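Below is one structure; the comments refer to it alone.
The values are calculated or read from the model by the stated rules, or taken from the named source; none is laboratory data. Note that this is a predicted model, so its numbers are computed, not measured. Positions of Cβ are backbone-derived with ideal geometry, glycine not excepted, and every protein chain shown enters the neighbour counts. The area values use the complete protein model at the heavy-atom level, side chains included, leaving out ligands, DNA and RNA. Shrake-Rupley method; radii C 1.70, N 1.55, O 1.52, S 1.80 Å.
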Amino acid sequence: MNILIIGSGGREHALGWKLKQSPLCDRLFFAPGNAGTAQIGENLDLAIEPVNTRNADAIDFFCRHNNVGLVVIGPEDPLVAGLADRLKHKSRAVFGPGAAAARIEGDKAWSKQLMRSVAVPTSEARIFRDPGAALAFAEHHETPVVVKAAGLAKGKGVIVTSNAGEAADAVRRIMIDREFGDAGDAVVIEERQTGQEVSVLALVDGRNIYMLDTTQDHKQAFEGDEGPNTGGMGAYCPTPLMTDELMSQVESEILVPTVDALYRDGITYRGVLYAGLMLTPGGPKVIEFNCRFGDPEIQALLPRLKGDLAELMLATAEGRLDQVELDWDRRACCCVVIASEGYPGPYEKGRVIEGLDQAAAEPEVVIFHAGTATDRSGQVVTAGGRVLNVCALGDDLRQARDRANAACGKVHFEGAWYRRDIGHRVM
Ligand code: AMP
Ligand code: GLY
């Protein structure tokens, strides 16, 4: 079977790296991919954004003529826009939910209502479509809130505030200045929680739920979890913060009711359901649902996954997850993100990256490319804010992190930086 992966980040490189190890995988394609994916498969020049009839037809045409038996859709934008629905075919499996199910990430107002309808633990929230009403509420609210653009905003539409003035300001930015465009047609204003954040990723085949091992991501830019929010500066797994007891609580109080509620509404969720949780003094609460693998969480998980990812993805897409068994390497994995100078703000692209081979030769290290490209002379250059994901296995988290950091030290490009303290919260 040939496999096509949609996307161009570290998540997609890592998925491809694991899929390539499957005896089921023949040729591996990426659309559009990056410099790293080009080394393990074939990058295609197919437009994936925006998802429209013409672009979806071109991908479908490619799949038909190249015997693609599995399409894996990595990012949320094409999922929310319905690419999975358009590519589904009787002789082809698609990993990733259709638009109706992906709405769980694409529309935070809807998702909040869904959680409320089945009493899934989450912050108390108000939903506003009228800017005046939202402002009046924010200006007079006593306790700290988080203001969220309801639609997709490239991970930037969430503003954590400390007082009424900041909350009103956030409403203005989202609904009046329209900083995130149409994503700000509605806002969710919710009570601010405190606690550790963990990511729970579960495969869902419509009815069956298969929880992956536990991970924690570090979203803040700087060491000590300081500075602005990013897409994630590193992740590690497993995390001792999630005990077996907490995992079963999350399964029974959060995942099962959510998947059942969707099912009752006629929505078959097939793909990965990512619950971003905060471990509050009152128990785990859902901060967000995502319809895709966490990035960089999955980069930290996959080196520990034993078994056949292609089979697992087919089983998810075909509704037979109850027939598969998975196992995890007992060692820890740490993934460190090397970022461009200036990220998460504006940054320059096209800086030449050196030392990749030396870094990859470090013990138990695997490097996934996130924002890279190959320039005209064949050199690997930076092409994004998060550039590389350096992952290492170790007998414990400290060893895994030391190995990842040592490998990071061998990679050079102008302005490169990374956090050396991934996993510090549990060390
Ligand atoms: P999201 O895009 O929903 O994951 O939000 C981005 C980040 O904002 C999360 O990782 C949290 O750190 C923070 N956040 C979101 N909702 C809340 C909340 N209710 N309380 C505290 N922090 C939050
Ligand atoms: N690492 C956070 C996310 O994928 O949303």
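Give me the residue from segment 81-129 that is among the hydroxyl-bearing types (S, T, Y) and more than 25 Å from C25 (Cβ to Cβ) and, out of that set, most open to solvent (accessible area, probe 1.4 Å).
S117
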Completion exercise
Scanning segment 253-282 residue by residue, the ones that are of a type in the set (A, V, I, L, M), more than 16 Å from ligand 2 (Cβ to nearest atom) and under 14 Å from V120 (Cβ atoms) total 6
Practice task
Can you give me the number of residues within segment 189-203 that are touching a Phe, Trp or Tyr at 6+ places or on another chain (Cβ under 8 Å), aliphatic (A, V, I, L, M) and within 14 Å of ligand 2 (Cβ to nearest atom)?
Solution key: 2
Handout entry: Which numbered condition R270 fails, given (1) open to solvent by less than 30 Å² (accessible area, probe 1.4 Å); (2) away from ligand 1 (no atom under 16 Å from the Cβ); (3) not aromatic (F, W, Y)
Key = (1)
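May I ask you to say which residue of G132, G151 is open to solvent by 10 Å² or more (accessible area, probe 1.4 Å) and either within 16 Å of ligand 2 (Cβ to nearest atom) or aliphatic (A, V, I, L, M) (or both)?
The conditions single out G151.
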Handout entry: Segments classed as strands (runs of 3 or more DSSP E), wholly inside segment 1-100, with at least 3 members that are in contact with a Phe, Trp or Tyr (Cβ under 9 Å, 6 or more places away or on another chain), within 16 Å of ligand 2 (Cβ to nearest atom) and more than 30 Å from A261 (Cβ to Cβ)
Key = none
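Yes/no matrix, rows are residues, columns are (1) closer than 24 Å to K148 by Cα; (2) aliphatic (A, V, I, L, M); (3) in contact (Cβ under 8 Å) with a residue 24 or more places away in the chain:
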position: T243; (1), (2), (3): no, no, no
position: Q249; (1), (2), (3): no, no, yes
position: L262; (1), (2), (3): yes, yes, yes
position: E311; (1), (2), (3): no, no, yes
position: D327; (1), (2), (3): no, no, no
